[in-house]
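J.: I have a structure I would like to understand better, so I am pasting it below and will then ask my questions one at a time.
The values are calculated or read from the model by the stated rules, or taken from the named source; none is laboratory data. Keep in mind that what you see is a predicted model, and the values were worked out from it rather than measured. So basically every Cβ, Gly included, is an ideal-geometry build from the backbone, and we count neighbours across all protein chains shown.
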Amino acid sequence: MSSSEHNENSEHTNPAVDGSELIKFDNVTKRFGSKVVLDNLCFDVSSGKHVTLIGPSGSGKTTILRLLMTLMKPEEGTIKVGGHYLTHEEKGGKLVPAGEKHIREVRKNIGMVFQQFNLFPNMKVLRNLTEAPVHVLGLSKEEAEQRARELLELVGLTEHIDKYPSQLSGGQQQRVAIARALAMRPQVLLLDEVTSALDPELVAGVLDVLRDIAHTTDITMLCVTHEMNFARDISDDVLMFDAGRVIESGAPEKIFSDPEHERTREFLGAVL
Ligand code: ADP
């Protein structure tokens, strides 16, 4: 993992698979009107690593996850996932803005869990987990159900397989949402403040499931969270954001115990 300032020499013409970088942001700028939300952002995440994005509200963390989910596009720069551009595709030896089909293919590598669970309310838990694997990945119903059962065991919800989301607590719904994201076997799991909508007593159960996944699988995680103890437990690297830039990055022991930047000290002082 590394981050850097604007790279004048960045190469935007070769979309070949490039080593172990699973996610690569290269000079990404995102604006809303005249407001610059991400400012020439460069960072990469190696395969299997768990990277946490921290920083004050409005510093651009969620925008990064939304760009990766292709819910929006950057104004400038490129994003790669698994060695393939998410923002562009190669046509006739040139890099052109990515078409829908290309985006769909690259997106299959990415799973996301949202703050508000976003389960299908009209489907029971089992079908929430099998719907996309059957319709998007083309798994047979039997294969998808087998995988769903394994994942429900992983998140401790086997006995709730036949319930509707509304019959579950918020914490249980969020654990279903985690299992549903994993059912697509993504290479990378994006977690966007997944405990912020939960009652305090339900937070620990969800974080325990995520700790378990972080420690027992090889999935790459990119996580926005205000749960600093959780971030310390699971992260290989922590990126501290301020005003759309990474102002400091490093191992959690370093960032949380001995931050270099005054802004990081202020932020941690307010949240710890
Ligand atoms: P964070 O996750 O760090 O709190 P966000 O990425 O959600 O920050 O937001 C960064 C900035 O972008 C904020 O100032 C926010 O108001 C603005 N923003 C985010 N989404 C939109 C949008 N769809 N339209 C306009 N401004 C937006």
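J.: For segment 33-53, name all the residues that are within 9 Å of the ligand (Cβ to nearest atom) and under 13 Å from the mean Cα position of the chain (by Cα).
T.: Hit for segment 33-53 is Leu53, nothing else.
J.: Under 9 Å by Cβ, and 6 or more places apart or on different chains, what pairs join a residue from segment 152-177 that is assigned to a helix (DSSP H, G or I) with one that is hydroxyl-bearing (Ser, Thr, Tyr) and modelled with pLDDT of 95 or more?
T.: Leu152/Thr158; Gly171/Thr195; Gln173/Ser166; Gln174/Thr195
J.: Give Glu153, Glu89 a once-over and let me know the one that is of a type in the set (Asp, Glu) and closer than 26 Å to Thr195 by Cβ.
T.: The conditions single out Glu153.
J.: Go through segment 212-236 and count every residue that is away from the ligand (no atom under 16 Å from the Cβ) and more than 15 Å from the chain's Cα centre (by Cα).
T.: 8
J.: Quick one: which of Leu126, Leu67, Leu119 is in a helix (DSSP H, G or I), away from the ligand (no atom under 16 Å from the Cβ) and of a type in the set (A, V, I, L, M, F, W, C)?
T.: That would be Leu126, the only listed residue that is in a helix (DSSP H, G or I), away from the ligand (no atom under 16 Å from the Cβ) and of a type in the set (A, V, I, L, M, F, W, C).
J.: Listed residues Thr225, Thr216; which is surrounded by fewer than 18 Cβ atoms within 10 Å (Cβ to Cβ) and either touching a residue at least 40 places away in the same chain (Cβ under 8 Å) or among the hydroxyl-bearing types (Ser, Thr, Tyr) (or both)?
T.: Of Thr225, Thr216, the one residue that is surrounded by fewer than 18 Cβ atoms within 10 Å (Cβ to Cβ) and either touching a residue at least 40 places away in the same chain (Cβ under 8 Å) or among the hydroxyl-bearing types (Ser, Thr, Tyr) (or both) is Thr216.
J.: For Glu21, state whether it is at pLDDT below 95 and either surrounded by 13 or more Cβ atoms within 10 Å (Cβ to Cβ) or under 22 Å from Leu222 (Cα atoms) (or both).
T.: It is true that Glu21 is at pLDDT below 95 and either surrounded by 13 or more Cβ atoms within 10 Å (Cβ to Cβ) or under 22 Å from Leu222 (Cα atoms) (or both).
J.: Go through segment 54-63 and give me each residue that's outside any loop (DSSP other than H, G, I, E, B) and either surrounded by fewer than 22 Cβ atoms within 10 Å (Cβ to Cβ) or within 7 Å of the ligand (Cβ to nearest atom) (or both).
T.: Result: Lys61, Thr62, Thr63.
J.: Hey, another quick one. What number goes with the only condition from (1) closer than 26 Å to Gly111 by Cβ; (2) part of a helix (DSSP H, G or I) that Ala270 does not pass?
T.: All conditions pass for Ala270, except number (1).
J.: Looking at (1) in contact with a helix residue (DSSP H, G or I) (Cβ under 7 Å, 6 or more places away or on another chain); (2) in a helix (DSSP H, G or I), which is the only condition Ile247 fails?
T.: (2)
J.: Can you tell me which of His102, His84 is in contact with an Asp or Glu (Cβ under 6 Å, 6 or more places away or on another chain) and more than 16 Å from the ligand (Cβ to nearest atom)?
T.: His102
J.: What are the pairs with Cβ atoms under 8 angstrom where one residue, in segment 41-61, is charged (D, E, K, R) and the other, located anywhere, is within 13 Å of the ligand (Cβ to nearest atom)? Sequence gap at least six, or different chains.
T.: That search, which allows pairs on different chains as well, returns Lys61/Leu53; Lys61/Ile54; Lys61/Gly55; Lys61/Val224; Lys61/Phe241.
J.: Considering segment 216-232 alone, what residues qualify as being farther than 18 Å from Gly111 by Cβ and part of a helix (DSSP H, G or I)?
T.: The answer is Met228, Asn229, Phe230, Ala231, Arg232.
J.: Follow-up. Which members of segment 262-272 meet the condition of being at pLDDT below 95 and more than 12 Å from Gly55 (Cα to Cα)?
T.: Leu272
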